[in-house]
Amino acid sequence: MTGSLRPGMEGPSFIVGGLELSNPIMMAPMAGVTLPAVRRMFWRLGAGLAHTEMVSCAGLTRKNRKTTEMLFRAPGEGPLVLQLFAGDSDTLMRGAEIALSLGVPFDALGINMACPMPKVLKKGAGARLLSRLDLAVDMVRRLNRLGLPVWPKIRKIVPDGSGPDTLEFASALVEAGAANVGVHGRTASQRYEGTSDFDEVRRVARALPGVISASGDISGPEDVSKALAGGCVSVFLARGGVTDPFVLPRILSHLGYNIGDSVYDDPPSIETRAALFSDLAEDLSTFHGERVAMVLLKRLMSGVFRGVPGCSSYRRAIASASDWGTMCAHIRDWRQFFERGIKDE
Ligand SMILES: Cc1cc2nc3c(=O)[nH]c(=O)nc-3n(C[C@H](O)[C@H](O)[C@H](O)COP(=O)(O)O)c2cc1C
């Protein structure tokens, strides 16, 4: 598949969040997952846009090497939102200015107002901002001055009697100039557990037409159709894309997009899956090094080969590979593992 990035996936474009995109299926920001090589894989599979992992503005101002490396954008990537996090507007602005000064062509600036993890909350960032509307609004206003569309991402808010609810919070962000607001239908205290409240996301989307993207439990064509019919302008694909990356061409085909190339037949052939996995391995090792490549290949393997007969033998081999040479040999010799696996089943 190398060389044929995104075969035959072009079609009519439309505007989402101030950007001209080919379709409404976005890769959500995922720390530890949406690295450039993985974004390229999802771009190949048809994503309309991707997010970076959340990037610490404080880290950028301290010139932290690892944080700065997170700004890397691989050749041939599609539209990209740089998602930033900070606990105050000055740090957010300084971080954003540093990021843009490095010359990486980002298409929009995201603000993480959704992360429920203690190390982020402790800094006054992520979902902590959901209880600080004035600060969240100030962040959107100021970031807007940098000239790129601003895409904050929030969570469902259960009003406590004094603060805003999800709709009031999202409305204030839009009024402050947010071009798109991603709404995750779980509350911060739910973290990633339980179900996402789709009705709440749609309530916000109906009241704010054209600017709300749905996040939470997007795992198939029906979820996407429901979100779009409910007034969302796009959807953010997260764990659903990790557990089944080929859901992307399936969704696009369901929405009537001409994905135009038989490599994305439903279900995709095992050769297509192996080629995608091999391209992913090559990109991961080239852009991020062998150590990171090993971790992400192990994490993403099950999704790429999901449901293929004989898969468990290959899964065991990939999971137990302890050095890059062995991993490469397994990726090259994929066929024998599946043949053996089918015999054993
Ligand atoms: C591993 C992982 C990392 C995530 N990292 C981020 C992040 O950096 N920024 C963010 O806004 N959301 C992050 N999220 C949340 C997702 O973008 C998404 O909103 C959430 O997973 C709900 O969607 P889902 O139920 O379809 O997985 C992350 C989620 C996961 C599973």
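The values are calculated or read from the model by the stated rules, or taken from the named source; none is laboratory data. This one's a predicted model, so the numbers in the text were calculated from it and none came from an experiment. Because the Cβ atoms are built from the backbone with ideal geometry, glycine has one as well, and the counts that use them run over all protein chains shown. Heavy atoms of the whole protein, side chains included, go into the accessibility calculation; ligands, DNA and RNA do not. Shrake-Rupley method; radii C 1.70, N 1.55, O 1.52, S 1.80 Å.
Structure data summary
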{"quantity": "Gain upon complete extension [R239, V292; 0.36 nm per residue less C-alpha separation]", "calculated": "17.2 nm"}
{"quantity": "Per residue value of the accessible surface for region 173-234 (all protein chains in place, 1.4 Å probe), Å²", "calculated": "40 Å²"}
{"quantity": "Dipole of region 270-344, positive end: most advanced residue of H288, P309, Q336 [Cβ charges, Cα centre]", "calculated": "P309"}
{"quantity": "Span from the region 291-335 Cα centroid across to the region 230-251 one, whole angstrom", "calculated": "23 Å"}
{"quantity": "Nearest-0.05 FRET efficiency for S189 and R62, computed from C-beta distance (R0 35 Å)", "calculated": "0.70"}
{"quantity": "Mean separation of Cα contacts under 8 Å (6+ apart) over length of region 17-260, as relative contact order %", "calculated": "17 percent"}
{"quantity": "Residues in region 301-342 that a label on E222 would reach, taking backbone N under 20 Å of a point 7 Å out along Cα→Cβ", "calculated": "307"}
{"quantity": "Label-point separation in nm, A172 to D266, each point 7 Å along Cα→Cβ", "calculated": "4.2 nm"}
{"quantity": "Paramagnetic label zone (point 7 Å from Cα along Cα-to-C-beta, R332; backbone N under 18 Å) in region 275-310", "calculated": "275-286, 290, 294"}
{"quantity": "GNM flexibility winner over the chain from S196, S171, S322 (Cα, springs under 10 Å)", "calculated": "S322"}
{"quantity": "Antiparallel DSSP beta bridges within the chain, as percent of all bridges there, nearest 5", "calculated": "10 percent"}
{"quantity": "GluC sites (Glu not before Pro) within region 138-218, DSSP loop, no more than 12 other Cβ atoms inside 10 Å", "calculated": "E193"}
{"quantity": "With eigenvalues of the C-alpha gyration tensor scaled by 5 and rooted, the chain, Å", "calculated": "34, 22, 19"}
{"quantity": "Karplus (6.51, -1.76, 1.60) ³J(HN,Hα), θ = phi - 60°, over region 91-98, in Hz, Gly and Pro reported as x", "calculated": "5, 4, 5, 4, x, 5, 5, 4"}
{"quantity": "Surface per residue (accessible, 1.4 Å probe) for region 1-113, Å²", "calculated": "34 Å²"}
{"quantity": "Residue-span extension gain [R73 to E282] - 0.36 nm each, minus C-alpha spacing", "calculated": "73.7 nm"}
{"quantity": "Heavy-atom accessible surface of the chain: percent carbon and sulfur, 1.4 Å", "calculated": "50 percent"}
{"quantity": "Rounded accessible area per residue of region 270-344, 1.4 Å, Å²", "calculated": "48 Å²"}
{"quantity": "Cβ charges +1 (Lys, Arg) and -1 (Asp, Glu), total dipole of the chain, debye", "calculated": "920 debye"}
